[in-house]
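Notes to accompany the following structure.
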Amino acid sequence: SQKIEQNSEALNIQEGKTATLTCNYTNYSPAYLQWYRQDPGRGPVFLLLIRENEKEKRKERLKVTFDTTLKQSLFHITASQPADSATYLCALWITGGGNKLTFGTGTQLKVEL
Amino acid sequence: GAGVSQSPSNKVTEKGKDVELRCDPISGHTALYWYRQSLGQGLEFLIYFQGNSAPDKSGLPSDRFSAERTGGSVSTLTIQRTQQEDSAVYLCASSLVSGRVAGTQYFGPGTRLTVL
């Protein structure tokens, strides 16, 4: 069966450290992978998109890697701040998959002072 | 410009009643999606509208669920004879979809549905 797995346990880190979140998938061949941020009581907000032929994408303090051999994406936040505390969702877009994203369950990140 | 808006923000209903949830997408966005998010769960795809094409209803969990999109803009998700397991946050998103390029989805704030 097709699955997208993100750590269900919350990730707690200290301010200033690098947070690394993992997204693993099985039985998919995604053309694109997206990361979203979701705050409590709000809808997800798009952060980054990475294509299947890209290894890495950066945006300010954010970095995403995409390894289609390992079927894994890593999402890094450098110099983390308490304001980065939120749930982070990965989503796969599969070509021919009906033009829709399939989301993981998300990982909650807590950045502590 | 305005983002995606949804109404109501909260809806409490009794089991067996029908409910209608509304979504106003970003103007000009041709694609509109409905998702359901239960407590501690990921986003569950429900239905997708793209322009004038037939909607992709593959995610609707039962025939009690239906959705319309009038004039390529506003969408209404209707749940008939609500059950307690329908309690969740219902999220709407819109995007510009060009060919086969994954469009960034812009989400509304959601409607929290509680079925008593």
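The values are calculated or read from the model by the stated rules, or taken from the named source; none is laboratory data. Everything numeric in this text was worked out from a predicted model, so none of it was measured. Every residue, glycine as well, gets a Cβ built from its backbone with ideal geometry; the counts of neighbours run over all protein chains shown.
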Filtering region B:1-42 down to residues that are surrounded by 14 or more Cβ atoms within 10 Å (Cβ to Cβ), over 12 Å from B:SER94 (Cα atoms) and modelled with pLDDT under 90 yields B:GLY42
Of the residues B:THR30, B:THR70, B:THR111, B:THR78, which single one is of a type in the set (Ser, Thr, Tyr), more than 22 Å from A:THR102 (Cα to Cα) and either free of Cβ contacts under 8 Å to residues at least 40 places away in the same chain or touching a Leu at 6+ places or on another chain (Cβ under 7 Å) (or both)?
B:THR70
By my count, strands (runs of 3 or more DSSP E) wholly in region B:7-116 with at least 2 residues that are of a type in the set (S, T, N, Q) are B:10-13, B:75-79, B:88-95, B:111-115
Could you identify the single residue in A:LYS100, A:LYS59 that is of a type in the set (Lys, Arg) and surrounded by fewer than 12 Cβ atoms within 10 Å (Cβ to Cβ)?
A:LYS59
Among B:VAL115, B:VAL89, which is more than 8 Å from chain A (Cβ to nearest Cβ), in contact with a helix residue (DSSP H, G or I) (Cβ under 9 Å, 6 or more places away or on another chain) and buried (at least 16 other Cβ atoms within 10 Å of the Cβ)?
B:VAL115
Selection within region A:25-40 - in a strand (DSSP E or B) and either crowded, with 17+ Cβ neighbours inside 10 Å or among the acidic types (Asp, Glu) (or both):
A:TYR25, A:TYR32, A:LEU33, A:GLN34, A:TRP35, A:TYR36, A:ARG37, A:GLN38
